[in-house]
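Only one structure is covered here, and it is reproduced in the block below.
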Amino acid sequence: MTVDGSAVTGELVSSLRAALGEGAVLVEPSDMAGYSVDWRGLYQGRPLAVVRPSTVAQVAKVVRLCAEAGAPVVPQGGNTSMVGGATPSGTGTAVVLSLERLRQVRAVDPVEMTMTVEAGLTLRQAQAAAEAAGLLLPLSISSEGSAQIGGVLATNAGGNNTLRFGNARDLVLGLEVVLADGGVWDGLRHLHKDNTGYCLRQLFVGSEGTLGIITAAVLRLQPGITGRAAAFCALPSVEAALALLSRLRLRAPAGLHAFEYMSGASMGLVLRHIEGTQLPVSPADHYVLIDLAACADAGGLEPMLEGVLGEALEADEILDAALSRSEAQRLAFWHLREEHSEAQKRAGASIKNDVSVPVSQVPVLLRDAAAACEAAAPGLRVAPFGHLGDGNIHLNLIQPEGADPAAFLVQADALMQVVNEVVRGLGGSFSAEHGVGRLKTGLMEEWRGGVELRLMRGIKAALDPANRFNPGVIFPAP
Ligand code: MLT
Ligand code: ZN
């Protein structure tokens, strides 16, 4: 049975209301508006209903009811996807399942150094809960105030601390997942060693809501931070930035928590579009933000950073540097970094290329991709920034000043292809951390076709045979 007649849809809405209560089921377009469009405004969906269950049992019930009615289910967290990964189609048949009401911190265990949290907690709330126990949840992304744990895990978020602690999947010890048949897999184990067949939890991490709905997770924590040192540097080249990265890695292997790159073009957009921002160094074509942290002997961090920057200055690797002298100043440096997406949004239509290459190849990527894009679309603004220490650059392209946004976006596929040709030549990936979502399904055949896509389809068919979970995401249309 499929949701194609109003009798079926009406029946489904009534049973959802009976199961969850009136207030947990939204059907008015004005109430559903915020859940129907993605953060970038690229996809306007039309859900049948938006449901907001409060317990795992309710999530399971929703999945069962939708399965019986043949309705697709689109899990949604903070709705911060860059690739339309949590937006329903425009057919009016899908139920958006918001996890926002599942927001308990079930446990923080300082002996095991783990926390058990529900999917709807924002990443920032989870970080705060760890911090309250003197611990660190070592995952940080620009959208952490809105992004929720479930979405962060379903997309295997990366972000600013991947360099030191890995991606989201590296922090996951256990998961609780609602499956396509409405069953619940309680895999909330706290084990650091557990070789008992396939590692199922890692299948769900990064599956973008297509295999199951993550409702809770056991996350690995680190000792809390006792001191930090940060610097904002102006540099002559990307090669110089890599030389500085090597210096820091040798001198502070455990302390280097972030090494973020910002091009002069992208920084210029922040200064222009984000009120109150000010550059702490002289203007340049390249900037990096260095963040060091320690959980013991933090006193040595600042002199060490000062020493490394002094050496780098002498070696002409940096042009200018500002050291943070207070936590407020460190946060001001981060504000300059974290506002890049917002500034680019305000600058007009943008084409996001979330790509990765081997770290040593980033200078080639930036040079060759910029030249190829400028040749393909004269006047466009190439505004790269990102996680240089991971080789992950957001090689974003902004519409020419004053041009028609729609006319620019018509070139999106062609310009992504231009960038991806360079990325492919360097042995990189077309999706480093944002995922495939709806936006990049068209690239899957070309990049992952053959064995990989066949295996992925097999996994999808085994876990969600009726293709009810987040259809249209990851897989290209058959
Ligand atoms: C970030 O690192 O701030 C986001 O992942 C990037 C983006 O807007 O492309
Ligand atoms: Zn990023």
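Worth pointing out:
- Contact annotation: residue pairs with Cβ atoms under 7 Å, 6 or more positions apart or on different chains, pairing a residue in the range 155-167 that is open to solvent by 20 Å² or more (accessible area, probe 1.4 Å) with a partner that is among the hydroxyl-bearing types (Ser, Thr, Tyr), are Asn161/Ser140.
- Residue within the range 398-405 that is open to solvent by less than 10 Å² (accessible area, probe 1.4 Å) and assigned to a strand (DSSP E or B) present: yes
- The strands (runs of 3 or more DSSP E) falling completely within the range 83-201 that include 2 or more residues that are more than 16 Å from ligand 1 (Cβ to nearest atom) and of a type outside the set (A, V, I, L, M) map to 105-109, 114-118, 172-178, 184-187.
- The residue of the range 418-433 that is nearest to Ser356 (Cα to Cα), among those that are small (Gly, Ala, Ser) and more than 16 Å from ligand 1 (Cβ to nearest atom), is Gly427.
- Number of the condition not met by Gln344 [criteria: (1) of a type outside the set (A, V, I, L, M, F, W, C); (2) more than 30 Å from Ala403 (Cβ to Cβ); (3) open to solvent by less than 10 Å² (accessible area, probe 1.4 Å)]: (2)
- Selection status of Gly386, modelled with pLDDT under 95 and farther than 16 Å from Gly425 by Cα: no
- The lone exception for Ile459 - which of (1) among the hydrophobic types (A, V, I, L, M, F, W, C); (2) within 16 Å of ligand 2 (Cβ to nearest atom); (3) in contact with a Leu (Cβ under 8 Å, 6 or more places away or on another chain); (4) not in a strand (DSSP E or B) it fails: (2)
- Filter result (among the acidic types (Asp, Glu) and open to solvent by 10 Å² or more (accessible area, probe 1.4 Å)) within the range 216-275: Glu239, Glu275
Residue-by-condition table, conditions (1) modelled with pLDDT under 95; (2) within 16 Å of ligand 2 (Cβ to nearest atom); (3) over 20 Å from the mean Cα position of the chain (by Cα); (4) not aliphatic (A, V, I, L, M):
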{"site": "Gly402", "(1), (2), (3), (4)": "yes, no, yes, yes"}
{"site": "Gln411", "(1), (2), (3), (4)": "no, no, yes, yes"}
{"site": "Asn420", "(1), (2), (3), (4)": "no, no, no, yes"}
{"site": "Arg424", "(1), (2), (3), (4)": "no, no, yes, yes"}
{"site": "Ser429", "(1), (2), (3), (4)": "no, yes, no, yes"}
{"site": "Ala432", "(1), (2), (3), (4)": "no, yes, no, no"}
{"site": "Thr441", "(1), (2), (3), (4)": "no, no, no, yes"}
{"site": "Gly450", "(1), (2), (3), (4)": "no, no, yes, yes"}
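- The single condition from (1) in contact with a Gly (Cβ under 9 Å, 6 or more places away or on another chain); (2) surrounded by 13 or more Cβ atoms within 10 Å (Cβ to Cβ) that Leu191 fails is (2).
- Only residues that are more than 23 Å from Leu271 (Cβ to Cβ), open to solvent by 20 Å² or more (accessible area, probe 1.4 Å) and either of a type in the set (D, E, K, R) or away from ligand 2 (no atom under 11 Å from the Cβ) (or both) were counted across the range 353-397, and they come to 13.
The values are calculated or read from the model by the stated rules, or taken from the named source; none is laboratory data. These numbers come from a predicted model, not from an experiment. Note that we place each Cβ from the backbone using ideal geometry, even for glycine, and neighbour counts take in every protein chain shown. Ligands, DNA and RNA are stripped out before the accessible areas are found, and what is left, the full protein with its side chains, is counted by its heavy atoms. Shrake-Rupley method; radii C 1.70, N 1.55, O 1.52, S 1.80 Å.
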